[in-house]
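Visitor: So that we are looking at the same thing, I have put the structure below in structure tokens.
The values are calculated or read from the model by the stated rules, or taken from the named source; none is laboratory data. Predicted model only: the values in this text are computed from it and were never measured. Here the Cβ is made from the backbone with ideal geometry for all residues, glycine too, and neighbour counts use every protein chain on show. These accessible areas exclude ligands, DNA and RNA; they are computed on the full protein's heavy atoms, side chains included. Shrake-Rupley method; radii C 1.70, N 1.55, O 1.52, S 1.80 Å.
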Amino acid sequence: MKKIFALLLALMMVFALVACTNDETPSNIEGDDNNIGNIAEDIINNAEELDSFSEAAVEYYLKAKGISYEDLKPEWEYTVSDTGAYADDPDNGSGHAVVIFKTSDSSELTDEQIKAYYEQVFKATALASDDGYNIIGHEFVGEGENPGDETTLEKALNSFLKGWCFRKDGKNMAVYVSEIYDNNKDSALNRIFYYYGVKFDIGVGLQKSFDETLSDAENALEEYEDEIKDVLDEYIS
């Protein structure tokens, strides 16, 4: 478990570094050998203090983004998956608010119930956004489209990877939604899958194209490779 957390820590440090260097404000990372250690320490401390795998952490994260957790809870009776809630420090690029809601009695959700829930999340993020509307985003942009253009719920759901983005405090936030299904049950609604839950994942999105972001991450990993290795060695030992 510790090695798994160490791997996650390394990834979070890289994304935190990329997020810092992508900010419009000048980065204070360059030239400060202690910064990489501080980033790691902050990530660990926040994860432990917030009990990241908890609804409280999700509520904390969403509140920092101007979203009420209450506004994202389904109207139908539900339970929260044991490991479905996770959040990290809202100020870095690695945090997410993730929750899986399942019907309390494991009953099947209709297509109308699922779409109504996605519309609920769509409205909440638009309301919290700087612009008052949701955008396509770099994660979901298609050929010939502008990632900053306004999107609709229909367009956001008409894809294998369902989701959209919104701008908050000048940063692109990404929203992924999906259905939860039970392989052991047959649908009574003439569908392939038996859907009895929904999931949302809200976190800092890509601020640049995927290729540009990957290049930045590779550069950050190369530049701070020794520092990251030292931090991980110290943590594992």
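Visitor: Looking at (1) at pLDDT below 70; (2) in a loop (DSSP other than H, G, I, E, B); (3) β-branched (Val, Ile, Thr), find the lone condition where Ile67 falls short.
Guide: Failed condition: (1).
Visitor: For segment 111-128, how many residues are under 16 Å from the mean Cα position of the chain (by Cα) and among the charged types (D, E, K, R)?
Guide: The number of residues fulfilling the criteria is 0.
Visitor: Still on this structure, I have one more. Taking only segment 130-176 into account, find how many residues are more than 15 Å from Gly203 (Cβ to Cβ) and aromatic (Phe, Trp, Tyr).
Guide: Number satisfying all stated conditions: 2.
Visitor: Please enumerate the residues belonging to segment 163-188 that are hydroxyl-bearing (Ser, Thr, Tyr) and without any contact (Cβ under 8 Å) to a residue 40 or more places away in the chain.
Guide: Tyr176, Ser178, Tyr181
Visitor: For segment 84-105, which positions are open to solvent by 40 Å² or more (accessible area, probe 1.4 Å) and under 21 Å from Tyr194 (Cα atoms)?
Guide: Of everything in segment 84-105, those that are open to solvent by 40 Å² or more (accessible area, probe 1.4 Å) and under 21 Å from Tyr194 (Cα atoms) turn out to be Lys102, Ser104, Asp105.
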